[in-house]
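Step one of this worksheet: look at the structure below.
The values are calculated or read from the model by the stated rules, or taken from the named source; none is laboratory data. Everything numeric here is computed off the predicted structure, so don't read it as measured data. Quick reminder, even Gly has a Cβ in these numbers, built from the backbone with ideal geometry, and neighbours come from all protein chains shown.
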Amino acid sequence: MTLSRRHLFTGAAAALAAPAIISANTAAAQPQQAPILGGDIRRDFVGNIEVIALWDGFAPLPNGIITGFDAGEGAAAAAGAYKHFDAETSKISINGYIIKTADRIIAVDTGAPPAMAPTVGRWQQSLALAGLTPDMIDSVFLTHMHGDHVAGLTDITTGAARLPGARLIAAQAEWDFTFSDEVYNALPAAFQPNIDLARGLIQPYRDVFEGIPMQGQTDIAPGVTAIPLPGHTPGHMGLLISDGDEHLLIWGDAVHLPAFQFAHPDWGVIFDADHGAAAQTRKNLLDMAATDRLRVGGMHLDFPSLGYVERSGDSYRYIPAPASYHG
């Protein structure tokens, strides 16, 4: 790789930052218009709890953001995963989920801003395909507060909340990290617009924000438990959904690049706040999922973003989950 880490950080941050940024106090001018996109969904069940995967689209990222990346090893890993390999760029899926219990409708992350790529921004269309309207969502759980997870919260033009009846749930540590001026000022200037965007999209929910601790597990609904998964960000969390002897772990951004990180769990991304902790969390999750035959979901797994992990030599492979027929 000939590009420096600084240039890679700058390029990747520019890809994530919108041309029109909502500040904490005011809405920005008109953003660039995204094309009209169709959504997609996948319904599944954990016992009697319905889980709906919502596709927001996909986006290209330069392979230079991958820490430890080696083109030869990457090509071999992609071949083993039956995925196309490009030495320069990888395309990642961007997903969200809806959890429907007997009396709750919880959104888990809300997609990316259209400026990230012309192929994202489908979260609202996917929500409609699932037969849901924004006012039906009573809670939003954010695995973390990066810009590609929060775009569905707020109208980027007006600054108005798009989910008017929802409370916002996330780790208190994540809120503190996102809104810390000390952290913000220490970031490269090129990455700060991404934080500006995230802050603006989250800001309308300040009065309905419920911060939960990273020190242990927190039940947020019957059968739905928030689990600390530190490393990618200080407040990165996942959700364990359980009903009877059925379980699903939504692990947030523990895996960004399915073509590579199952074969090479040590490979991270430059957006990881703590590379060592992120890698250890990923290894722990892969080991647990493979050992316990645990169904998993993730915000960057290939859509429909529900599957299983199996051991493959000294590493792992991802196996998409078969369709669930329920009725």
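Remarks
- Inter-residue pairs, beta-carbon under 6 Å, first free of Cβ contacts under 8 Å to residues at least 24 places away in the same chain and in segment 210-233, second surrounded by 15 or more Cβ atoms within 10 Å (Cβ to Cβ) and of a type in the set (A, V, I, L, M), 6+ apart: GLN217/ILE227; THR218/ILE212; THR218/ALA226; THR225/LEU240; ILE227/LEU240
- Residue in segment 252-266 that is at positive phi, in contact (Cβ under 8 Å) with a residue 12 or more places away in the chain and small (Gly, Ala, Ser) present: yes
- The residue of segment 134-160 that is modelled with the highest pLDDT, among those that are over 15 Å from GLY96 (Cα atoms) and either buried (at least 19 other Cβ atoms within 10 Å of the Cβ) or among the hydroxyl-bearing types (Ser, Thr, Tyr) (or both), is THR154.
- Residues within segment 97-120 that are of a type in the set (Ser, Thr, Tyr) and crowded, with 22+ Cβ neighbours inside 10 Å, tallied: 2
- Any hit, segment 166-176, residues being within 18 Å of the chain's Cα centre (by Cα) and surrounded by fewer than 17 Cβ atoms within 10 Å (Cβ to Cβ): yes
- Qualifying positions in segment 170-191 - without any contact (Cβ under 8 Å) to a residue 60 or more places away in the chain and under 24 Å from GLY121 (Cβ atoms): THR178
- With respect to (1) crowded, with 21+ Cβ neighbours inside 10 Å; (2) without any contact (Cβ under 8 Å) to a residue 60 or more places away in the chain; (3) out of contact with any Lys or Arg (no Cβ under 7 Å at 6 or more places or on another chain); (4) more than 21 Å from ALA173 (Cα to Cα), the lone exception for GLY297 is condition (2).
- Failed condition for ARG43, given (1) part of a strand (DSSP E or B); (2) free of Cβ contacts under 8 Å to residues at least 12 places away in the same chain: (2)
- Checklist (1) closer than 27 Å to ASP302 by Cα; (2) surrounded by fewer than 16 Cβ atoms within 10 Å (Cβ to Cβ) applied to TYR184, failing item: (1)
- Within segment 126-158, the set of residues being hydroxyl-bearing (Ser, Thr, Tyr) and either under 19 Å from ALA170 (Cα atoms) or without any contact (Cβ under 8 Å) to a residue 12 or more places away in the chain (or both) comprises THR133, SER139, THR143, THR154.
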